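Peer 1: Mind having a look at this structure? Questions to follow.
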Amino acid sequence: MTRSITARAALNNAIWCDAVCRAQDHPGEFGETLWLTRLGAPRFYPDVVTTAGVEAAAAQLKAIADLVGSTRPREWFVKDSFNCLHLEALGFAPLFDADWIALTRAQPDVRPDRSGYRSTIVTDEAGLTAWERSWAGDAPNPVASPPPRVFMPGLLADDSIVFVSLRGDDGLVGGGILNRGADAVGLSNLFGSRMELVWQDLIALAGDIFSGLPLVGYEHGDDLAAAKQVGFESLGSLRIWRRRAGAL
């Protein structure tokens with residue numbers, strides 16, 4: 001049976017989350033209806049991503065209950081990919097809702113002014129460090145300890161993952177990530193002061209590097225509006241759940 005584009009988007013995202021966690025030496029596990037990591041995900045990343053809908057809700061609830069009950073109390077995050085779970089009884093509360101998005105047709109003819117800007121692919125650890133600092137908005141502080149890294153250098157060796165930087169005359173002004181998986185290319189972690197250029201660059205590079213695959217991702221708020229402006233369509237909603245440390 002052909003997997004729906006929404007299910008492919010969810011699985012693509014789970015594959016990406018697993019890659020990020022594996023690079024941290026916190027490998028995850030793929031089940032029939034969800035992906036999870038027992039060892040803790042880095043900041044901004046979930047511990048669970050569901051990959052099937054309401055028909056699998058009972059099994060997913062049991063797996064999540066077993067997961068949070070098997071480890072010392074800490075903060076947990078669940079990406080409920082089909083917005084069909086009720087996790088309040090397990091101590092979770094909704095954090096935010098978003099839409100899965102996809103671009104499956106030809107790229108729209110949107111051509112912003114590119115003068116003074118160029119896109120590059122991150123290929124070394126120094127470039128990745130600068131990219132992550134800009135993405136996270138972490139200003140260098142000689143006194144405070146730097147926050148834990150999210151994206152480890154090992155990700156650069158994976159030919160299914162591409163970190164993209166958008167540079168202007170004054171340096172890095174934006175970027176994003178492409179990841180191939182589940183017969184799709186995920187666009188994620190987009191940031192920058194010229195978002196129309198960032199979206200266009202990632203769409204173009206995805207077509208060049210991973211030709212023929214649909215582009216998927218998820219966004220909300222102004223970022224969702226920006227995605228729609230460049231041709232993405234909403235597929236359906238997802239929900240991010242948070243369980244605070246020590247929650248009953």
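The values are calculated or read from the model by the stated rules, or taken from the named source; none is laboratory data. Quick caveat: nothing in here was measured; it's all calculated off a predicted structure. All Cβ positions, glycine included, derive from the backbone under ideal geometry; neighbour counts span all protein chains shown.
Peer 1: When you go through (1) farther than 26 Å from Ala23 by Cβ; (2) at pLDDT below 95 one by one for Leu166, which number turns out not to apply?
Peer 2: Single failed check for Leu166: (1).
Peer 1: Taking region 5-40 only, how many residues are small (Gly, Ala, Ser), modelled with pLDDT of 95 or more and in contact with an Asp or Glu (Cβ under 9 Å, 6 or more places away or on another chain)?
Peer 2: Adding up the residues that qualify gives 3.
Peer 1: Hey, can you tell me all the residues within region 1-21 that are in contact with a helix residue (DSSP H, G or I) (Cβ under 8 Å, 6 or more places away or on another chain) and closer than 15 Å to Glu32 by Cα?
Peer 2: Arg3
Peer 1: Tell me, please, whether a residue that is surrounded by 22 or more Cβ atoms within 10 Å (Cβ to Cβ), of a type in the set (S, T, N, Q) and touching a His at 6+ places or on another chain (Cβ under 9 Å) can be found in region 37-50.
Peer 2: Yes, that holds for at least one residue.
Peer 1: Any residue in region 213-237 that is within 19 Å of Asn83 (Cβ to Cβ) sitting within a Cβ distance under 6 Å of a residue that is outside any strand (DSSP E or B)? List the pairs, counting only those 6 or more apart or interchain.
Peer 2: As it stands, the answer is Val216/Ala9; Val216/Asn12; Glu219/Ala227; Leu235/Thr6; Gly236/Thr6; Ser237/Asn83, since those pairs meet every condition given.
Peer 1: Quick one: which strands (runs of 3 or more DSSP E) sit completely within region 1-97 and have at least 1 residues that are in contact (Cβ under 8 Å) with a residue 60 or more places away in the chain?
Peer 2: Where strands (runs of 3 or more DSSP E) fall fully within region 1-97 and carry at least 1 residues being in contact (Cβ under 8 Å) with a residue 60 or more places away in the chain, they are 76-80.
Peer 1: Also, quick follow-up: Considering only region 29-52, I want to know if a residue exists there that is of a type in the set (D, E, K, R), within 19 Å of Gly217 (Cβ to Cβ) and not assigned by TED's automatic domain parsing to the domain that holds Leu197.
Peer 2: The answer is no; no qualifying residue exists.
Peer 1: Could you check, for region 62-83, whether at least one of its residues is under 22 Å from Asn189 (Cα atoms), in contact with a Ser or Thr (Cβ under 9 Å, 6 or more places away or on another chain), modelled with pLDDT under 95 and of a type outside the set (Lys, Arg)?
Peer 2: Within region 62-83 (the criterion being under 22 Å from Asn189 (Cα atoms), in contact with a Ser or Thr (Cβ under 9 Å, 6 or more places away or on another chain), modelled with pLDDT under 95 and of a type outside the set (Lys, Arg)), the answer is no, since none of the residues qualifies.
Peer 1: Kindly provide the set of residues from region 192-247 that are loosely packed, with under 14 Cβ neighbours inside 10 Å and touching a helix residue (DSSP H, G or I) at 6+ places or on another chain (Cβ under 9 Å), ordered by number.
Peer 2: Matches in region 192-247: Asp222, Gln229.
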